[in-house]
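Below you'll find the structure, written out as structure tokens, and then a few comments.
The values are calculated or read from the model by the stated rules, or taken from the named source; none is laboratory data. Just so it is clear, the structure is predicted and the values come from calculations on it, not from any experiment. Quick reminder, even Gly has a Cβ in these numbers, built from the backbone with ideal geometry, and neighbours come from all protein chains shown. Surface accessibility is based on the protein's heavy atoms, side chains included, excluding ligands, DNA and RNA. Shrake-Rupley method; radii C 1.70, N 1.55, O 1.52, S 1.80 Å.
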Amino acid sequence: MFTIDLMSRVPVYEQIIEQMENFVIKGVLSAGTQVPSVRSLSVQLSINPNTIQKAYTELDRRGIIYSVPGRGCFISDTAMDILCNNKRKQLEDLKNLLKELSLVGVTKDEVISIVTETFEN
């Protein structure tokens with residue numbers, strides 16, 4: 001399920017966070033689903049357990065997962081809402097990027113074509 005690119009410049013714990021969030025967004029992991037234990041994911045990925053724990057701590061801080069002592073970590077009921085709101089905040093970044101693109105000559109039609117193509121896939 002998880003894959004780690006050891007040659008990437010993105011730290012391993014951030015790769016785990018990103019993949020976990022993507023699994024929630026895509027519906028692979030839904031609210032209440034138990035996530036792999038730190039130990040099992042550490043063995044599966046051949047990664048130091050402290051790295052996995054760092055990712056899980058950050059996911060917990062963000063409200064994506066929650067921990068039940070003695071039982072493990074689970075996807076929170078609000079994970080999808082949190083992630084959707086975070087993605088919507090990126091619209092401002094997109095707006096700024098579009099302004100920059102227009103300054104270098106990218107046309108509205110080119111942007112609309114790419115947006116249409118993206119939403120059709």
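Select from the range 2-56 the residues that are basic (Lys, Arg) and assigned to a loop (DSSP other than H, G, I, E, B) and write down the one among them that is least open to solvent (accessible area, probe 1.4 Å).
Among those that are basic (Lys, Arg) and assigned to a loop (DSSP other than H, G, I, E, B), it is LYS26.
Looking only at the range 63-83, filter to residues that are touching a residue at least 40 places away in the same chain (Cβ under 8 Å) and assigned to a helix (DSSP H, G or I); which one of those is most open to solvent (accessible area, probe 1.4 Å)?
MET80
How many of the residues in the range 84-113 are over 23 Å from the mean Cα position of the chain (by Cα) and either aliphatic (A, V, I, L, M) or part of a helix (DSSP H, G or I) (or both)?
Summing the residues that are over 23 Å from the mean Cα position of the chain (by Cα) and either aliphatic (A, V, I, L, M) or part of a helix (DSSP H, G or I) (or both) in the range 84-113 gives 14.
For LEU91, work out the one condition from (1) of a type outside the set (D, E, K, R); (2) open to solvent by 80 Å² or more (accessible area, probe 1.4 Å); (3) within 20 Å of MET1 (Cβ to Cβ) it doesn't fulfil.
Unmet for LEU91, out of (1) of a type outside the set (D, E, K, R); (2) open to solvent by 80 Å² or more (accessible area, probe 1.4 Å); (3) within 20 Å of MET1 (Cβ to Cβ): (3).
Could you run through the range 1-33 and say how many residues are of a type in the set (A, V, I, L, M) and within 17 Å of ALA79 (Cα to Cα)?
So the answer is 8.
Let me spell it out: the conditions are (1) open to solvent by 30 Å² or more (accessible area, probe 1.4 Å); (2) over 29 Å from VAL115 (Cβ atoms), and LEU97 meets all of them except one. Which number is the exception?
(2)
Would you mind stating whether ARG39 is free of Cβ contacts under 8 Å to residues at least 24 places away in the same chain and more than 18 Å from CYS84 (Cα to Cα)?
Here the answer is yes, as ARG39 does meet what is asked.
Tell me, yes or no, whether the range 79-89 has at least one residue that is modelled with pLDDT of 95 or more and not hydrophobic (A, V, I, L, M, F, W, C).
Looking through the range 79-89, at least one residue is modelled with pLDDT of 95 or more and not hydrophobic (A, V, I, L, M, F, W, C).
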